[in-house]
Amino acid sequence: MPHPHFNSDNERISLAYLITFRSYGTWLHGDERGSVDRFHNVYGTRRLPVNRQREQYEQRLLALHPVRLNSQRRAAVEKGIRETCAIRKWRLLAFNIRTNHVHAVVSANSPAWLVLNALKANATRSLREAGCWRNARSPWARRGSKRRLWTEKQVSDAVAYVLYDQGEPLP
């Protein structure tokens, strides 16, 4: 695996990224799993507590029904992610597509925001090409997580997390 390097903006690039993005409407602020909002998005900060009123408020704001990824949609998302990595010459080290979110460990000579945006955009394109998404809106929640992995151990831990810590394999 390559060592960290600098991109054209002289920004240090990590060995890889753990990219996570959720499908639209499937994890709202206030629900029992807790969440992080823009006011509490600081490393080490606890998740927001359960708040049924906030969760109900968030549900009323949804423009679409929550998006679930069935087997056909997951296959389309996988195709989009693999194509993106192949075209951009990024190394896809691991991925796991669940019913409401996607994890990918990617080694890329690109900023994390670009990797996240490219994966989401091409997963959407692939969903549309497969006839699995006809809405003009994105099937994804805004933003996503872009954890930088600086060491070989962090990379191997992220790969193990993505491959083995997501629950039973989906059909």
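Quick one: how many residues across the range 58-101 are more than 14 Å from the chain's Cα centre (by Cα), of a type in the set (S, T, N, Q) and in a loop (DSSP other than H, G, I, E, B)?
Residues meeting the conditions: 1.
Residue check: is Arg68 out of contact with any Pro (no Cβ under 6 Å at 6 or more places or on another chain), of a type in the set (Lys, Arg), surrounded by 12 or more Cβ atoms within 10 Å (Cβ to Cβ) and closer than 18 Å to Arg125 by Cα?
Yes: the conditions hold for Arg68.
Which residues, taken from the range 133-158, are surrounded by fewer than 18 Cβ atoms within 10 Å (Cβ to Cβ) and of a type in the set (A, V, I, L, M, F, W, C)?
Ala136, Trp150
Please determine whether any residue of the range 132-145 is in a loop (DSSP other than H, G, I, E, B), under 15 Å from the mean Cα position of the chain (by Cα), on the phi > 0 side of the Ramachandran plot and not charged (D, E, K, R).
There is at least one residue in the range 132-145 that is in a loop (DSSP other than H, G, I, E, B), under 15 Å from the mean Cα position of the chain (by Cα), on the phi > 0 side of the Ramachandran plot and not charged (D, E, K, R).
Given the conditions (1) within 25 Å of Asp157 (Cβ to Cβ); (2) under 18 Å from the mean Cα position of the chain (by Cα); (3) outside the structural domain of Ser156 (by TED's automatic domain parsing), which single one is not true for Asp37?
(1)
Would you tally the residues in the range 147-171 being touching a residue at least 12 places away in the same chain (Cβ under 8 Å) and among the acidic types (Asp, Glu)?
Here the count works out to 1.
The values are calculated or read from the model by the stated rules, or taken from the named source; none is laboratory data. No experiment lies behind these values; they were computed from the predicted model shown. For neighbour counting, all protein chains shown are included, and Cβ atoms are generated from backbone atoms with ideal geometry for every residue, glycine included.
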